[in-house]
Amino acid sequence: MANKGNILLKIEGLRIEAYAEEKWFEIVHGVDLVLRRGEVMGLIGESGAGKSTIGLAAMGFARDGCRISGGSIEFDGLELTTTSEVDRRRLRGSKIAYVAQSAAASFNPAHKLIDQHTEAPVQYRIRKRTESQEDAMELYERLRLPNPREIGFRYPHQVSGGQLQRAMTAMAMSCRPDLIIFDEPTTALDVTTQIEVLAAVRDIVDQFNTAAIYITHDLAVVAQMADVIKVLLKGDQVEEADTRTMLNKPQEEYTKSLWAVRSFQREQKLRPSDDSAPVVAVEDVDAAYGTVRVLEDVSFDVHAGMTVAVVGESGSGKSTTARCITGLLPPLKGRILFRGEELPPSYLSRSKDQLRQAQMIYQMADTALNPKIRIGDIIGRPAQFYGGLKGTALKNRVDELLDMIELDPSQFYGRYPPELSGGQKQRVGIARSLAAEPTFIICDEVTSALDQLVAEGILKLLDRLQRDLDLAYMFITHDLATVRSIADEVVVMKQGKVVEQGAKDAMFKPPHHPYTDLLLSSVPEMDPDWLTTLLEERGVDNVGDAATT
Amino acid sequence: MRDVGRLLLMRLGLGLLTLLVVSALIFGAVELLPGDIAQAVLGQGATEETLAELRTELGLDRTAIVRYVSWLSGALVGDFGVSLLNQQPVTDVIAVRFANTLFLATYAAVIAVPVAILLGITVALLRNSIFDRVANVLTLTSISSPEFFLGYILILYFSVHTGWFPSIATLSEDITFLELLERTFLPALTMVLVVVAHMMRMTRASIINLLASPYIEMARLKGAPGWKVITRHALPNAWAPIINVVALNLAYLITGVVLVEVVFVYPGIGQLLVDAVTKRDFPVVQACCLIFAATFILLNLAADVGAILTNPRLRHPK
């Protein structure tokens, strides 16, 4: 990459504390970091590793309820821990810029994109408003946004997620900062959209020789972006090395375990040879929200004991299909069959037993569990409702379920959801769905909010439960690594239609439907040259938007 | 923008429907008032003949439905009938009083709304500081004191002790606008004190509610100074709840001022309503109630429109 210059940022022994339960807790325990001009450092680790906290500290910023309690942060010769808040504030936006995880949430809904872009340069008197607008349009063009001279005059809700993420990168460049903090900028995006953002980020960092800290939990992504990788674990630094060394010869056990995550893959099962009816069959289903048609002629089967993964980008109709199966959204046309018998279209007219058979596990265990109800009661409620259990029988059943999901009943029965970690909450969500004794479970992106190690634990658990209880899964996901590890059959959806379906091994072997091919080839790989090669293959102008439409 | 227009038309239609229901309720409630209206008007000494004559004259011998329809069709063209007390058209009786009430409400609102919003923004900016706490305690005190009590306290200090302002807000034809402002200052101030707290606290709460949003953090990470974070980034997204509370309080300034009018002997519509109820002047009671209801509905409609116009998603659809 471009010539590396002098030291720009030097962090030594950084300690950060957070305030909780009327005490200060240390969450970052002495981290050192040196970043040179034009260099990109990848900060990786699971949630709770302190990545974002350290990234923000590099801007001299601590979130409400956090404070920098020790160490030094020297940016371009200025010690940030001792300068005044006003001086620190003046660095932000002008010398150090920030790109947030969700651009959709981080752009102010009340202002046009370009007005948010010009805010900092005008405030710092770097450029006049009209100059800054002109500059914004040039940056938009450089980042290959469609209609670069017009798009800035739209409001955030009028622009797609991937485009917003690029507009935010442009905004970060508005004052030509020396350093940009990228805080998981592609985590919320589809793989196909992720590529365009990654390409744009790398491009612009190269062109302006900007230094960057790239925060992510996705190892393959960081391999494409960073010159140097630093691994963090629970607020401690584990190791640091240049990207290729780190990928080829990780030193620490923890790093090796991170690298090994993607290895879980269970044996693929085949459909039963006899022609027994599938557990769930979706036949020619059309569905619409109001007048907007969202599903067209969707058909697939799920057989007992098997996992069907439904993949596609956001808006492809994956979750809508799930809503049709559960009866939350009665289809316009077509049928849902359960063991060969047609189910009433609306859940309102289904019998209790029909409802019991199909259960759901949700993406956000945080919002799917009532925070004010004890774990025991959350799991006990469906057991009581569907199974009619009471008293000791109910308690025993809940204990049994907690055992199944590998949580100790004596410890977890009386606790509340907010006291649990993300993975534990998702396990409770699984137990709740099992309590109804279903034969079919819809898993809606159940691992996408979890760290990879935790996600793998959940996948293994789901796999074991499937074998023990002969469950059929419909696994909604946009993550092809998950598909690889757990699916037997795959259904690929695009814009409400099924574009390809079949057994998993066939799916991952060519020839593919062009869309499946695009999805597969867009999944980042650990090879640091992957993005470069891919972009060359696809051609510069054929990335993302252009390729998907 | 076409969607916004349709939304507005629908709200307007719903408002009219509500008003129709309310008119039936008002009419029904007046019907339920105890005692015979003719008896109340003519007094105990009236003979059966004169009573019967009056009932015929007032149309009381007709069924309630027929009377309701004829009253409503009159009201639609601005004819609320004739006052039973002095035989004047109700419209004339009310017009003057309602204008007075509107004047006082406007006077109070012109002071209260900007003060409340500015204070709300300031305390949101200085949240958890001494200033914030003092403002909280003071506004809570004023909101929890009954308005007649506030009124008398103000009279005691600003009128009795210092003599700065008159304690009675009587009006006459020949006073100048400035004199008018001076005479009605104390009742206006009383009402300001009653409504400011509510609006200020809502402004503060809706702004602080937004301060945890990612786009507020983004604004701070772009180096925006504190006041700019609040006024440029938080406030434009906080308008909807603020506008609603402002509308509710404006409605209160018009319909809830009876006690203040009594304390300061101000000739507004509230006093008129109280008089009319005690004297069984039912055409006036009905007309007053209908005006109050219309005010409420109209202001809520205005709040809805305001909330829509400040929401970029509705103003600029995809």
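Over all orientations, segment A:390-512 has a Cα convex hull whose mean projected area works out to 9.1 square nanometres.
With R₀ set to 41 Å, the beta-carbon distance separating B:Ile143 from B:Asp3 gives a calculated FRET efficiency near 0.60.
Report, ordered by chain and residue number, the lysines lying within cross-link reach of A:Lys504, taken as a straight Cα distance under 16 Å and ignoring same-chain residues fewer than 8 apart. In chain and number order, the partners are A:Lys269.
Geometric descriptor of chain A, per residue, is 166 Å³ (volume of the convex hull of the Cα atoms). Under 20 Å from a label point set 7 Å out along the Cα-to-Cβ vector of B:Leu102, the amide N atoms of segment B:287-312 belong to B:287-303. Exposed loop sites are taken as trypsin sites (Lys or Arg not before Pro) in a DSSP loop (any state but H, G, I, E or B) with at most 11 other beta carbon atoms within 10 Å; the longest stretch of chain A without one runs A:126-371. Take each residue of peptide A:102-114, count the partner chain Cβ atoms within 10 Å of its Cβ, and average: the result is 5.
Taking beta carbons within 10 Å but only from partner chains, what does the mean come to for residues A:121-130? Display every interim value, and only then the final one.
Details: counts 0, 0, 5, 2, 0, 0, 0, 0, 0, 0.
Neighbouring Cβ atoms belonging to other protein chains average 1 per residue here.
For A:Lys249, the aspartates and glutamates whose Cα comes closer than 12 Å to its Cα, not counting residues fewer than 8 places off in the same chain, are A:Glu239, A:Glu240. Counting 0.36 nm for each residue step from A:Trp24 to A:Ser346 and taking away their Cα separation leaves a gain of 110.8 nm.
Once you average over the residues of B:208-218, how many Cβ atoms of partner chains fall within 10 Å of each Cβ? Before the final figure, lay out each step's value.
Details: counts 0, 0, 1, 1, 2, 4, 9, 13, 2, 8, 12.
So the per-residue partner count for this stretch is 5.
To one decimal place, what orientation-averaged projected area in nm² is obtained for the convex hull of the Cα set of segment A:280-509? All intermediate terms of the calculation are to be shown ahead of the outcome.
Values: hull surface 49.4 nm².
Averaging across all directions leaves 12.4 nm² for the Cα convex hull.
In angstrom, the C-alpha Rg and Dmax of segment A:120-259 are 17.2, 54. In this simple spin-label approximation, B:Thr50 and A:Glu252 carry label points 7 Å from Cα along the Cα→Cβ vector, and these lie 10.4 nm apart. Each listed q (0.08, 0.14, 0.16 Å⁻¹) maps to a log10 I(q)/I(0) for chain B, found by the Debye formula over equal Cα scatterers with no solvent: -0.50, -1.16, -1.30.
Need the list of aspartates and glutamates near A:Lys352 for cross-linking: C-alpha distance under 17 angstrom, and skip anything on the same chain fewer than eight residues off. Straight-distance partners of A:Lys352: A:Glu341, A:Glu342, A:Glu437.
Once Rh for segment A:1-153 is found with the Kirkwood sum over Cα pairs, what is the Stokes-Einstein diffusion coefficient at 4 °C and 1.567 mPa s, in µm²/s?
Working: Rh = 17.7 Å.
Translational D for this selection: 73 µm²/s.
Can you work out the FRET efficiency for the pair B:Ser70 and B:Ala302, with r the C-beta to C-beta distance and R0 = 22 Å, to the nearest 0.05?
0.10
Using alpha carbon coordinates only, what is the Rg to Rh ratio of segment B:190-270, with Rh defined as the Kirkwood radius?
Working: Rg = 17.7 Å, Rh = 14.6 Å.
Reported Rg/Rh, Kirkwood definition of Rh: 1.21.
Quick one: helix B:269-278 against the long Cα principal axis of chain B, what's the angle to the nearest 10°, folded into 0 to 90? Here the helix axis deviates by roughly 40 degrees.
Dipole of the protein assembly as shown computed with +1 at Lys/Arg Cβ and -1 at Asp/Glu Cβ about the Cα centre; of B:Thr310, B:Val284, A:Pro344, farthest Cα towards the positive end is B:Val284.
Projected onto the charge dipole of segment A:280-509 (+1 at Lys/Arg Cβ, -1 at Asp/Glu Cβ, origin at the Cα centre), which of A:Gly290, A:Leu465, A:Val491 gives the Cα projection farthest towards the positive end? Most positive-ward Cα: A:Gly290.
The length gained on full extension between B:Leu309 and B:Tyr157, counted as 0.36 nm times the residue separation minus their Cα-Cα distance, comes to 50.4 nm.
Which loop GluC sites (Glu not before Pro) in segment A:217-301, with loop taken from DSSP, have no more than 14 other Cβ atoms within 10 angstrom of their Cβ? Please report the intermediate quantities before stating the final value.
Details: sites: A:Glu239, A:Glu240, A:Glu252, A:Glu253, A:Glu267, A:Glu283, A:Glu296; in loops: A:Glu252, A:Glu267.
Listed in order of number, the matching sites are A:Glu252, A:Glu267.
Give me A:Thr245, B:Thr203 ranked fewest to most by other Cβ atoms within 10 Å of their Cβ, as a rough exposure proxy. Ascending Cβ contact count within 10 Å gives the list A:Thr245, B:Thr203. Suppose R0 equals 51 Å; then what is the FRET efficiency for B:Ile175 and B:Lys228 from their Cβ-Cβ distance, rounded to the nearest 0.05? Computed FRET efficiency for B:Ile175 and B:Lys228: 0.65. Which residue, chosen from A:Met404, B:Val113, A:Val280, occupies the Cα position most advanced towards the positive end of the dipole of the protein assembly as shown, where the dipole is computed from +1 (Lys, Arg) and -1 (Asp, Glu) charges on Cβ about the Cα centre? Positive-end residue among those listed: B:Val113.
Beyond 28 Å in Cα-Cα separation lie the following of the pairs A:Lys230/A:Lys509; A:Lys23/A:Lys51; A:Lys318/A:Lys372; A:Lys10/A:Lys128; A:Lys395/A:Lys425: A:Lys230/A:Lys509; A:Lys318/A:Lys372; A:Lys10/A:Lys128. Of the GluC sites (Glu not before Pro) found in segment A:112-205, those that fall in a DSSP loop while having at most 14 other beta-carbon atoms within 10 Å are A:Glu150. If you take all other residues with their beta carbon under 11 Å from the beta carbon of A:Gly30, and give Lys and Arg +1 and Asp and Glu -1, the sum is -3.
Coordinate-derived values only; no laboratory data. All of these numbers come straight from a predicted model, not from anything done at the bench. Cβ atoms come from the backbone with ideal geometry, glycine included; neighbour counts cover every protein chain shown.
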